[in-house]
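What follows is a set of notes on a single structure, which appears directly below.
The values are calculated or read from the model by the stated rules, or taken from the named source; none is laboratory data. Computed from a prediction, not measured in an experiment: that's the story for all the values here. Positions of Cβ are backbone-derived with ideal geometry, glycine not excepted, and every protein chain shown enters the neighbour counts. The area values use the complete protein model at the heavy-atom level, side chains included, leaving out ligands, DNA and RNA. Shrake-Rupley method; radii C 1.70, N 1.55, O 1.52, S 1.80 Å.
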Amino acid sequence: MAVVLITSSFAGTALADVDEADPADEVFVDENGDAVLVYDEDSDTDTGASGEVGLDVSESVVYALITDDMEDDVSAALSMEVDGDSVDSSGSFAAKRPTDLSELSMDVLAEQNQETSTFDADLEMEMDAAGPGAGFTQVSASGTTVSSADEFSTDGEFSATMMGGMQSPDNGLDLELTEADGSYTLDVHNQDQLNQYQTDNWRTEADATQTLEAQFSDVAAELGGDVTVSIDAHEFQENADGTADLDVEYTVEFENVKDGLESAVADGLASESDLDLDQDEAEQLAADLLDAEIETFDVSYLVSENTVEGAWEIAFTNLDSTTFALFDLAESAGEMDDVDLESDEYVDMYEAQAEADLVQTSQWKLSFSQDETQTQTFSMDVSSDAENWEAYTQELDERDIDLAEFSMTATAETVDDEIEMEMTLEMTQEALLENAISAAIDSLEDDPTADDEALEFMTAFDDADLELAKFDLNMDDGTVEMETGAKFDDITAFEDHLEDAFYGHSVTHVYANDEAGYVYVTELVDGDATEDDVRTLEVVDDDTTVHMPGEWDDEHPRLDMDTVTEYLELNADDDEAAEDTDESDDGSPGFGVAVALVALLSTALLFRRN
């Protein structure tokens with residue numbers, strides 16, 4: 001998905017700058033009126049890159065091979081192949097290790113198929129510099145999240161140790177919220193330092209009670225309920241400078257506020273013009289949204305002399321009504337227009353999750369430390385797993401929902417004075433590419449800043465029906481080489497772009513190398529046309545050299561189809577196989593393919609003299 005969105009954005013930017021081709025430097029007309037338009041390379045715009053790009057309409061292929069110099073001391077290799085409903089890519093990268101990085105180790109593994117869904121990532125770094133995190137000698141945090149169709153919970157803790165210390169009393173908060181029968185109870189333990197303007201509000205238990213009642217009574221009144229405040233413990237110590245140290249524990253009980261809360265939410269929904277809800281619909285939606293129950297809600301932190309520590313434990317139950325209400329709210333707000341799936345499919349997926357009793361668990365842990373030599377060590381572990389995943393995929397199958405299957409690995413490590421990285425990605429899903437390009441088109445349609453030409457380009461890509469695409473990038477010894485190609489079912493979907501670029505003339509072949517660009521046009525003029533007839537065309541001006549039939553015998557270069565066939569690994573059976581898969585392979589571009597086409601349609605094709 002990301003690849004297609006990136007390329008659609010790139011294509012739109014490039015095509016937005018394209019109008020019509022400049023007049024050709026030379027025109028070679030044959031006895032049938034067909035012609036070759038030649039655009040000489042402009043030395044004033046030499047970028048240093050060399051290679052060739054080409055497009056052949058009859059074979060429905062595009063191809064590009066570009067080589068350039070680079071200054072960066074890196075080596076890399078990236079390959080990607082898009083074929084039918086699958087994407088297969090791999091890559092490696094090596095670069096000089098930064099001087100302040102002593103050690104690096106990273107391993108990432110992600111897998112999703114019909115039987116399992118797992119993710120594991122580990123990262124460790126050692127740095128010889130006081131970078132991010134300076135001021136702390138230790139930082140650590142960890143957490144767990146568990147979700148199912150009807151429940152959600154998360155818990156974790158964090159701590160940090162600072163260099164030096166603060167000469168101040170402890171400061172902290174421990175808050176617990178519970179719910180029962182439409183009422184809420186808030187238990188709080190608060191440790192704080194008060195300034196001289198706050199001390200009178202907390203000096204005695206009576207003062208504290210009055211202060212808290214004033215804080216919470218307005219909330220209760222707005223919700224049509226009652227509030228009761230009780231002080232469980234109170235310790236007040238006034239200091240010589242007029243400040244005070246407070247340690248107080250108290251309980252706040254909100255009674256009969258659930259109905260008022262629902263009414264407040266309903267009024268807000270009903271007043272939102274974008275939702276188009278009447279009062280009854282808004283009230284039902286509000287009730288469903290607030291149907292979830294708080295099982296546990298406990299958060300705390302404590303700041304002492306040179307440490308900070310905290311923890312949280314939060315759990316919600318009875319989420320089914322709330323979830324369906326969120327679907328309804330998103331649909332009413334039009335948010336479902338921005339995603340690939342229809343709201344009904346979201347509902348089907350949620351129901352499949354509930355029927356299979358799918359439980360997904362994610363865990364993470366990170367730590368940072370810095371010693372007296374300013375050596376910093378950072379580590380991070382992230383993992384996720386799913387219980388009853390196979391049952392979930394079976395439920396999806398019964399609802400005709402296809403699940404993407406993928407496997408991804410990535411590694412990185414320091415080796416002597418270099419950083420070396422490797423990655424692989426394999427993904428398959430029915431209509432994966434069709435959905436990806438449809439999403440790109442939808443994104444352009446919904447973007448008011450998107451150019452019309454970009455949308456037309458992506459729509460043509462969809463109509464052309466990509467059958468196979470490859471992209472290879474190699475960087476080594478100061479040289480970067482990109483090779484890419486694609487085979488379409490019917491590349492004439494781009495015919496309008498080509499004709500618009502060349503004043504309505506029918507283009508059958510395009511080729512460009514370091515010397516010139518060659519555009520092959522059918523029926524540029526009638527077979528009995530004269531040079532004067534040719535010079536009336538917009539693709540010709542006074543500086544154009546016109547060669548009429550019998551005046552030339554030049555062999556103009558074309559795209560080498562043997563090279564393209566070998567690179568794309570095409571064979572005689574491909575056309576037949578393509579016909580057999582027309583119904584399922586609606587196609588979508590990979591990164592290199594879009595680059596090649598954009599280059600052909602906006603740069604290599606339209607050679608500028610200035």
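Numbers for the structure displayed
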| quantity | calculated |
| --- | --- |
| Accessible carbon and sulfur surface of the stretch 67-139 relative to its total accessible area, %, 1.4 Å | 50 |
| Inter-site label distance for residue 68 and residue 210 at 7 Å from Cα along Cβ, in nm | 7.5 |
| Phi-based couplings in Hz for the stretch 307-315 (Karplus 6.51, -1.76, 1.60; Gly and Pro marked x) | 9, 10, 9, x, 7, 8, 8, 9, 8 |
| Value of Rg/Rh across the stretch 363-429 [Cα atoms, Kirkwood radius] | 1.19 |
| The chain: relative contact order as a whole-number percent, Cα under 8 Å and 6+ apart | 29 |
| The stretch 352-396, Cα convex hull volume normalised per residue, Å³ | 58 |
| Cα-Cα separations in the stretch 257-298 greater than 15 Å, expressed as whole percent | 41 |
| Derived scalar couplings ³J(HN,Hα) [the stretch 531-540; Karplus, 6.51 cos²θ - 1.76 cosθ + 1.60; whole Hz; x for Gly, Pro] | 4, 4, 4, 5, 6, 7, 7, 5, 7, 10 |
| Value of D in µm² per second that Stokes-Einstein yields for the stretch 212-265, Kirkwood Rh from Cα pairs, at 10 °C (1.306 mPa s) | 122 |
| Potential lengthening between residue 364 and residue 90 on full extension [0.36 nm per residue; Cα-Cα distance subtracted] | 95.9 nm |
| Å² of accessible area per residue within the chain, as computed with a 1.4 Å probe and no ligands counted | 52 |
| Derived scalar couplings ³J(HN,Hα) [the stretch 51-61; Karplus, 6.51 cos²θ - 1.76 cosθ + 1.60; whole Hz; x for Gly, Pro] | x, 8, 9, x, 9, 10, 6, 5, 8, 6, 10 |
| Backbone N under 17 Å from the residue 479 label point (7 Å along Cα→Cβ), restricted to the stretch 73-109 | 73-78 |
| Residue 385-residue 247 pseudo-label distance in nm [points 7 Å out on the Cα-to-Cβ vector] | 4.2 |
| Residues of type lysines that residue 487 reaches as a straight line, Cα spacing below 25 Å, ignoring anything fewer than 8 places off in the same chain | 470 |
| Space enclosed by the convex hull of the alpha-carbon atoms of the stretch 54-204, per residue, Å³ | 346 |
| Fully extended contour minus Cα-Cα distance, from residue 371 to residue 330, at 0.36 nm per residue | 9.8 nm |
| Largest-first principal axis extents of the Cα set of the chain (Å) | 110, 66, 49 |
| For the stretch 178-241, average projected area of the Cα convex hull in nm² | 5.1 |
| log10 of Debye I(q)/I(0), alpha-carbon scatterers only, for the stretch 79-151 at 0.11, 0.16 Å⁻¹ | -0.60, -0.98 |
| Radius, Kirkwood style, for the stretch 421-549 when every pair of distinct Cα atoms is counted (Å) | 18.8 |
| Heavy atoms of residue 471: accessible area, 1.4 Å probe, square angstrom to 10 | 10 |
| Percent accessible area from carbon and sulfur atoms, the stretch 417-504, protein chains only, probe 1.4 Å | 40 |
| Convex hull per residue volume in Å³, alpha carbons only, for the stretch 158-294 | 170 |
